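Notes for the one structure printed next.
Quick note: the coordinates plus some simple rules give every number you see, no bench work behind them. Keep in mind the model is a prediction, meaning the values are calculated, not measured. Glycine also receives a Cβ, built like all others from the backbone with ideal geometry; neighbour counts cover every protein chain displayed.
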Amino acid sequence: MAASFETMERDIKLIIDELKGLCSQNGLSNQASEERIITSIFLYKFLNDKFMYNLNRFSENVEIPVQDILKNENDELDAFYDENSGDVSFSYEDTIEYLVNRVNQPDFADQFDSALVRISNSVRNDAFNIETSDGAKKAMFEPITTEVTGSARNNFAKAIFGIISQRKFDFSAAFAGNFDFYSAIFEYLIKDYNVASGTYAEYFTPQAVSSIIAKILVGMSDVIKAAEIYDPSGGSGSLVLHLAHELGQESGMNRAIVYTQDISNKSTRFLRLNMMLNGMTESLANIIQGDTLLNPAHFNVEHDPASGLKKFDYITSNPPFKMDFSTTRNQIENKWSDTDRFFAGIPKIPNKKKESMAIYLLFIQHILYSLKPTGKAAVVVPTGFLTAQSGIEKVIRMKLIDEKMLKGVVSMPSNIFANTGTNVSVIFIDKANTDGNVLLMDASGLGTKVKEGKNQRTVLSDDEVQRIIDTFINHVAVEDFSISVTYEQIAEKNYSFSAGQYFEIKIEYIELTNEEFVQRMNAYRERLDRLFSEGRKLENEIVEQIGRVKYE
C-alpha cells in the first residue's frame with residue numbers, strides 16, 4: 001500500500017531536518033559546505049531509492065532475486081540498466097543497502113566518499129554530470145565527509161546512514177510524475193540556501209509567479225510538440241520546470257526539451273537536482289553552467305559557435321536586475337558587436353555604484369535574439385522598465401511595439417519576492433501577435449501581506465492566481481484591473497507599458513439641490529474668512545516681532 005502524500009511529505013521533510021541538525025551538531029551550520037552536503041545526501045538518497053524501487057520491480061518480472069542481479073555482472077543487470085537508462089545507475093557496493101552494513105568499519109567514511117565518486121565517474125552516469133560553457137564537467141557528487149576533520153569523519157558518515165536508511169521514498173505509481181509534490185519538497189529542501197545575496201541568478205521565483213507565467217505562455221496558443229524551452233538565467237529551475245510541466249506529456253514522453261544556462265555553481269546544482277526530482281533527466285545534457293551573456297552555450301549545431309545561437313519555441317526568465325558586470329562589459333560588446341544580439345546597447349560602466357548596472361536589459365535583448373520566428377517568452381522585469389522615457393529601456397520597448405511582438409504585461413504586487421522590495425512586472429512576448437491587441441494588467445492590488453522571518457512578502461491566493469491567468473488568456477478588460485490596447489495606442493502613449501496610464505479617468509458628478517448648494521458655498525466662505533483672519537493675525541505678529549529686533 002502506497003503511503004499517503006501527507007505521510008511521504010512528512011517523512012521526507014523529517015530526513016531534511018535531521019540532516020540539517022546533523023550538520024549543526026558538527027559545526028557546519030551557516031558554512032558554505034552545508035548546502036552542498038545537505039543537497040548531495042538528499043540527491044544520493046533519492047536516486048538510490050528510485051534505483052532500488054525499479055530494480056525490485058525488474059527482479060519480480062525476471063524472477064531473479066535482487067541480490068543475485070546486483071552481485072553478478074550478468075545479462076539481467078545489463079538489461080535492467082538499458083531499461084532504466086534515464087536514471088542514475090548504481091553498483092551494489094555503492095547502494096545504501098550495501099553500505100549500511102559497513103557503518104562500524106574503521107574506514108567507513110572513506111567507503112562512502114569513494115562510492116559517491118564512483119557513481120559520478122561511471123560511464124553510464126556521465127550524462128548526469130553538469131557541463132560548463134568551456135566543455136568541462138562538474139561531477140554529480142564529490143566527497144562529503146572530508147568537511148569533518150579527524151576521527152569525527154566516521155561518526156559523521158555513520159550518522160548520515162542512520163538518517164537515510166530509516167525511511168524510503170515511495171515510487172509507486174501514485175507518486176509518479178507528481179510535479180506539485182516534488183516542487184514543494186524541493187522548495188523546502190533549498191529554502192535556507194537560496195536566499196538573495198545580490199549574486200547573479202541566485203534568486204528563487206515564487207511558485208505562484210512561476211505557475212502564472214507557465215499557464216499564460218502555454219495558454220497563448222496551441223501547444224507545440226517537442227517544444228524547445230529555454231531559460232538563460234536558469235537559477236534553481238522553478239520557471240522552466242513549471243513551463244515543462246504545463247506543456248505536459250504525450251505517450252509517456254515529456255513534450256518539452258529543456259535548455260538552460262546559469263553562471264552560478266550553486267544554482268546549477270539546484271537545477272540538476274530539481275530536474276532529477278521531476279523526471280526531466282533526458283534534458284540534463286542541455287543544462288550548462290557558464291556566463292550566458294559573454295559565452296552563450298547553445299548553438300544550432302551542438303558545440304559549434306559558427307552555426308549561430310540556437311532559437312527556441314519558449315523562453316522564460318527571471319534575470320538578475322542589477323549587478324556589477326564591469327569586468328566583462330567590454331568583452332561582451334567587442335565579442336558581439338558584429339551582430340544585433342544587443343541591438344539596444346550595453347549599459348555603461350558607472351564611476352560609482354557599479355553594482356547598479358542594469359544587467360537585465362542584456363538578458364531581454366538576448367531573449368529576443370534567441371526566439372524562433374513564432375516564439376513566445378515571459379520575462380520578469382523591474383516595473384520601472386515599463387515607463388522609462390529614455391535609454392536602453394525605451395529602445396527595447398519600441399522594438400517590441402514597432403515589430404509587433406508584445407502580447408501583454410502583468411504588474412505584480414509589491415514584495416511578491418520575499419528577498420527583494422523591487423516592484424516587478426512580467427512581460428509576455430509573442431512574435432506571432434502581429435495583428436492582435438495587447439493586454440495590460442495591474443495586479444498590484446492583489447495578495448495578502450505575510451511575515452517571513454525579517455521579510456514581508458505578498459502571497460497570492462489560488463483564486464487570485466487563477467483570476468490573473470483567466471483574465472490574460474481570455475483577453476478580458478476589467479475596470480481598473482486590465483485593459484486591451486493596440487500597438488498604435490501604445491506608440492501614442494510614448495511606448496508606455498503601464499496599464500494605469502490607459503485606464504479611463506472617471507469624474508463623478510453629484511446632483512445638488514439649491515439649498516444644498518447654498519449651504520456648501522456658505523461653509524466654504526466661512527472657512528475662507530477664518531483662514532484669511534488667521535493669516536492677517538500672523539502677518540501682524542511677524543511685523544511686531546521684526547520691530548523688536550535691535551542692533552547690538
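The label point for Thr486 and the one for Asn155, both projected 7 Å from the Cα toward the Cβ, are 7.7 nm apart.
Just check region 510-552 against the gyration tensor rule for me: Cα atoms, a ≥ b ≥ c as the square roots of the eigenvalues, rounded for a/c under 1.5, and otherwise prolate or oblate depending on whether a/b exceeds b/c. Judged from the Cα gyration tensor, region 510-552 comes out prolate (a/c at least 1.5, a/b above b/c). Rounded if a/c is under 1.5, else prolate if a/b is larger than b/c, else oblate: which is region 54-128, with a ≥ b ≥ c the root eigenvalues of its Cα gyration tensor? Judged from the Cα gyration tensor, region 54-128 comes out oblate (a/c at least 1.5, b/c at or above a/b). The alpha-carbon of Lys266 sits under 20 angstrom from the alpha-carbons of these lysines, leaving out residues fewer than 8 places away in its chain: Lys20, Lys45, Lys137, Lys138, Lys191, Lys322.
Couplings 3J(HN,Hα) for region 513-529, derived from phi with the Karplus relation 6.51 cos²θ - 1.76 cosθ + 1.60 (θ = phi - 60°), are 6, 4, 5, 5, 5, 4, 4, 5, 5, 5, 5, 4, 5, 5, 5, 5, 4 Hz, where x marks Gly and Pro. Under a straight-distance cross-link criterion of Cα-Cα below 13 Å, which aspartates and glutamates are reachable from Lys348, leaving out those fewer than 8 residues away in the same chain? Straight-line reach from Lys348, under 13 Å: Asp324, Glu333. Cβ crowding within 10 Å ranks Met253, Met405, Met280 as Met253, Met405, Met280, fewest other Cβ atoms first. With neighbours defined as other Cβ atoms within 10 Å of a residue's Cβ, the residues Arg57, Arg341, Arg272 order from fewest to most as Arg57, Arg341, Arg272. Residues whose amide H lies under 5 Å from that of Phe171, counting only those 5 or more places away or on a different chain, are absent; hydrogens are built 1.01 Å from N in the peptide plane.
Relative contact order for the chain: 10 percent, from Cα pairs under 8 Å spaced at least 6 residues apart, divided by residue count.
Here the Karplus relation 6.51 cos²θ - 1.76 cosθ + 1.60, evaluated at θ = phi - 60°, turns the backbone of region 315-323 into coupling constants of 10, 9, 7, 10, x, x, 7, 9, 6 Hz, with x for every Gly and Pro. In straight-distance terms, cross-link reach from Lys372 covers every one of the lysines whose alpha-carbon lies under 22 Å from its own, apart from those fewer than eight places away in the same chain; here that gives Lys215, Lys225, Lys310, Lys311, Lys399, Lys404, Lys407, Lys431. When you restrict to C-alpha pairs under 8 Å that are six or more residues apart and normalise by the size of region 1-84, the relative contact order lands at 16 percent. Taken over the C-alpha atoms, the chain has Rg and Dmax values of 29.6, 114 angstrom.
The per residue volume of the convex hull around the alpha-carbon atoms of region 5-176 is 138 Å³. With neighbour counts taken as other beta-carbon atoms within 10 Å, the residues Glu76, Glu142 rank, fewest first, as Glu142, Glu76. Apply 1/(1 + (r/R0)^6) to the Cβ-Cβ distance of Asp110 and Leu538, taking R0 = 60 Å, and write down the FRET efficiency to the nearest 0.05. Taking R0 as 60 Å, the efficiency between Asp110 and Leu538 is 0.10. For region 36-41, backbone phi angles converted through the Karplus equation (6.51, -1.76, 1.60; θ = phi - 60°) give residue-by-residue couplings of 5, 5, 4, 5, 5, 5 Hz, Gly and Pro being listed as x. Label region 372-432 by shape, choosing from rounded, prolate and oblate, from the square roots a ≥ b ≥ c of the eigenvalues of the Cα gyration tensor; if a/c is under 1.5 it is rounded, and otherwise prolate applies when a/b is larger than b/c, oblate when it is not. It is oblate, given that a/c is not under 1.5 and a/b is not larger than b/c. On a per residue basis, the convex hull of the C-alpha atoms belonging to region 189-501 measures out at 135 Å³. The gain in end-to-end length when the Asn455 to Gln31 segment is fully stretched comes to 150.4 nm, 0.36 nm per residue minus the alpha carbon separation.
Take every DSSP beta bridge whose two residues both sit in the chain, then give the antiparallel share in percent to the nearest 5. Restricted to the chain, the bridges split so that about 55 percent are antiparallel. Which part of region 341-376 falls in the paramagnetic zone of Lys311, meaning amide N under 20 Å from the point 7 Å along Cα-to-beta-carbon? What the label zone holds, given the 20 Å backbone N cut-off, is 341-344, 363-376.
With a simple spin-label model that places each label point 7 Å from the Cα along the Cα-to-Cβ direction, the separation between Asp529 and Asp17 comes to 7.4 nm. Convex hull volume per residue, computed on the Cα atoms of region 434-528, equals 257 Å³.
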